[in-house]
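Since the structure comes first, as structure tokens, the remarks are kept for the end.
The values are calculated or read from the model by the stated rules, or taken from the named source; none is laboratory data. Because the structure is a prediction, the values reported are computed rather than measured. Note that each Cβ is placed from the backbone with ideal geometry, even for glycine, and that neighbours are counted across all protein chains shown.
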Amino acid sequence: MPALEVLDISYNRLQEFTGIQAYTLKNLTTLRASHNSIVRVDFLFNLPQLRELDVGSNKIREVAQSAFGPRCPLRCLCLDDNALRSLSGLNKLA
């Protein structure tokens, strides 16, 4: 799966991203994971080309400080319709 650029895992019953770090997705630019039951954004630090992340309509309460790598090129982040308590985990994106 190293050549994969777009991954759409929307409309499943996913509760977490644990396990995604086990795959070599170095070319993934778009990850769509909306309409699931994800409660925490984490384990995305190994996606060096990720530019678009859609995790809208989940149950996200927090974005982990370690969710994104130090040079994350993210340009579009969709977090609508969640239960966020804080945006502090997004400080690496600023």
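Residue-level check: of (1) in a helix (DSSP H, G or I); (2) loosely packed, with under 15 Cβ neighbours inside 10 Å, GLY89 misses just (2).
Of the residues LEU77, LEU31, LEU53, LEU44, which single one is surrounded by 14 or more Cβ atoms within 10 Å (Cβ to Cβ), farther than 17 Å from TYR11 by Cα, within 9 Å of the chain's Cα centre (by Cα) and at pLDDT 95 or above?
Numbers: LEU31 fails: farther than 17 Å from TYR11 by Cα; LEU53 fails: farther than 17 Å from TYR11 by Cα; LEU44 fails: at pLDDT 95 or above.
Of the residues listed, the single one that is surrounded by 14 or more Cβ atoms within 10 Å (Cβ to Cβ), farther than 17 Å from TYR11 by Cα, within 9 Å of the chain's Cα centre (by Cα) and at pLDDT 95 or above is LEU77.
Taking the range 39-77 as the range and being part of a loop (DSSP other than H, G, I, E, B) and β-branched (Val, Ile, Thr) as the test, the residues that pass are VAL39, VAL55, ILE60.
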